[in-house]
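For reference, the structure is listed below as structure tokens.
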Amino acid sequence: VAGGAEELLVTLYDGSEYPAELVGADENTDVAVIKIETDGLKAASSTSIDSAKVGDLVIAVGSPFGLQQTVTTGVISAKGRDISVSQETLPMVNLIQTDAAINQGNSGGPLVNSAGQVIGINTLIFSPSGASAGIGFAIPSDTVVNIAEQIIKFGKARIPFIGIEMEENKTDIIGVYIKNTTEGSPAENAGIKSGDIITEFDGVEVQNPLELIAQILRRDVGDVVNIKIYRDGEYLNITLELVESPATENVD
């Protein structure tokens, strides 16, 4: 939302309003960073999603249908959800699923634990009617902090990239079939070839392209990962370093 706005206005809890500057936004993760000029603000306390468990109480805060500072409660229904939202963006990965009511206007509001610590940012719902059906999702605070820091430092979020083209796997081996590798990419330089089947990414089994993409997106540019592939009747381990995707490398 913020990324496409012509004008941004931030309203604080006491009703004071400030014009805001867009520092940057990433449509793939639905995270934006905005800036206001004022003093004396206190940052919200946050904690890693690793400290939360399925079944923990959570509170969603937002302004559904324009109703300011609305609070709803629920539990963490699941962790680590990977969802393909559209063909125009990359999958959203590692999401928190909750049954706390999330409606239009809740997006961008915090999902907090019982101690008042932010564990995520509300982002989307699954609903046949458009209203809350008890299946809502939040971006984990770990992802939010990581992407926000990248936007502040680089002016954008850097997407990790290995340089492969995938296609339907018609073999009996469970994994992701590689059609081609990009010239000069980490995959090509590491020796991955057309016809290889990626069965594990950094110790995690992958059965389809969505699972592989999700694992790549969980890492950062510069991370060194181990990939297990199947080729000509044997399994091989290959190590490579993730680089920035050409899709974001030249974005200012």
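For LYS42, the aspartates and glutamates whose Cα falls under 15 Å of its own Cα, not counting residues fewer than eight places away in the same chain, are ASP14.
Taking amide H positions as modeled 1.01 Å from N, with prolines and chain starts lacking one, the residues under 5 Å from VAL85 and 5 or more places away or on another chain are MET92.
Give me log10 I(q)/I(0) at q = 0.19 Å⁻¹ for the range 66-163, Debye formula, one equal scatterer per alpha-carbon, no solvent. Treating every Cα as an identical point scatterer, log10 I(q)/I(0) equals -0.99.
Compactness of the chain, taken as the C-alpha radius of gyration over 2.2 N^0.38 Å, stands at 1.12. May I ask for the distance between the Cα centers of the range 181-206 and the range 222-242, given as a whole number of Å? Between the Cα centres of the range 181-206 and the range 222-242 lies a distance of 6 Å.
Residues whose amide H lies under 5 Å from that of GLN104, counting only those 5 or more places away or on a different chain, are PHE65; hydrogens are built 1.01 Å from N in the peptide plane. Could you tell me the distance between the Cα centroids of the range 49-74 and the range 84-122, to the nearest Å? About 9 Å separates the Cα centre of the range 49-74 from the one of the range 84-122.
Laboratory data are not the source of any read-out in this text; all were calculated from the coordinates shown. The structure presented is a predicted model; accordingly, all values stated were derived computationally and were not measured.
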